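Enquirer: Below is the structure I would like to discuss, written out as structure tokens.
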Amino acid sequence: MRKGLLIVISGASGTGKGTVCKKLLAELPEVVYSISATTRKPRPGEVNGKEYYFLSVDEFKTWIAEEKFLEYAEVYGNFYGTPLNKIEERLNRGDDMLLEIDVQGALKVKKKCPDGIYIFLLPPSLEELKNRIEGRGTENPESLSRRLKNAVAEIKIGLEYDYVVVNDTIDNAAAQIKAILTAERLKVARNADKFDFKGGF
Ligand code: 5GP
């Protein structure tokens, strides 16, 4: 059976990763979202076990000690981590796993899982990124300026990814990511079994 794809998507805060990922998940039933754990407080409407597993710092540290994470990183003063449980099992079952994680975490996963697909999402421009974060209304001036400075640093790390997609519109970005996944699924290395014509003529 074909092994599932490990898909890692990152992009600076405000690039619209969340919206693009939601669209992909709605349109691609074979793709399963990897729910991260975080010590950040839930935003209005966020549900424990849906967007994230919301943990206390102590709980998060226990998970680290128990080696429950594929990777974890500190982002804007909170911990975020990808729970290891079920990822390998689901990939072996043929499910594709989608990880929406920050650049530090993605580079750690890339070292451990070089056959994953690493996609970096860019905003159309820095101006547009600023407008999107401001429009969200979740940041104060200090955290807005911190997120923008950080965005520029994160975008440089995008050079280490395999693919770059500009999120000009959600539809375009999602279509391009689908094209990447189609091409990846057709790679010879992922389809060695198709060359085995048992016995031949
Ligand atoms: P937010 O608090 O806005 O949901 O997410 C903040 C940042 O944390 C985003 O860049 C998001 O991609 C990243 N993030 C979410 N889950 C994980 C994770 O499991 N590991 C890492 N390293 N970053 C994560």
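Enquirer: Does E66 meet the test of being open to solvent by 70 Å² or more (accessible area, probe 1.4 Å), free of Cβ contacts under 8 Å to residues at least 12 places away in the same chain, over 14 Å from E160 (Cα atoms) and more than 10 Å from the ligand (Cβ to nearest atom)?
Expert: yes
Enquirer: What are the residues in the range 84-126 that are without any contact (Cβ under 8 Å) to a residue 60 or more places away in the chain and closer than 19 Å to A173 by Cβ, if any?
Expert: Of everything in the range 84-126, those that are without any contact (Cβ under 8 Å) to a residue 60 or more places away in the chain and closer than 19 Å to A173 by Cβ turn out to be P124, S125, L126.
Enquirer: So E30 clears everything in (1) charged (D, E, K, R); (2) in contact (Cβ under 8 Å) with a residue 24 or more places away in the chain; (3) within 13 Å of the ligand (Cβ to nearest atom) except one condition, right? Which one?
Expert: Exception for E30: condition (3).
Enquirer: Then there's this: Filter the range 69-78 down to the residues that are modelled with pLDDT of 95 or more and either of a type in the set (A, V, I, L, M) or crowded, with 20+ Cβ neighbours inside 10 Å (or both) and list them by number.
Expert: Once the filter is applied, which keeps residues that are modelled with pLDDT of 95 or more and either of a type in the set (A, V, I, L, M) or crowded, with 20+ Cβ neighbours inside 10 Å (or both), the range 69-78 yields F69, L70, E71, Y72, A73.
Enquirer: Mind listing just one residue for me: the one in the range 134-156 that is more than 19 Å from the chain's Cα centre (by Cα) and open to solvent by less than 80 Å² (accessible area, probe 1.4 Å) and, of those, nearest to the ligand (Cβ to nearest atom)?
Expert: T138
Enquirer: Only one residue in P124, P114 is over 30 Å from R190 (Cα atoms), away from the ligand (no atom under 16 Å from the Cβ), in a loop (DSSP other than H, G, I, E, B) and open to solvent by 30 Å² or more (accessible area, probe 1.4 Å), so which one is that?
Expert: Going through P124, P114 in turn, the sole match is P124.
The values are calculated or read from the model by the stated rules, or taken from the named source; none is laboratory data. These numbers were taken from a predicted model, which means no experiment stands behind them. Cβ sites come from the backbone with ideal geometry, for glycine too, and all protein chains shown count toward neighbours. The accessibility values were calculated without ligands, DNA or RNA, using every heavy atom of the protein model including side chains. Shrake-Rupley method; radii C 1.70, N 1.55, O 1.52, S 1.80 Å.
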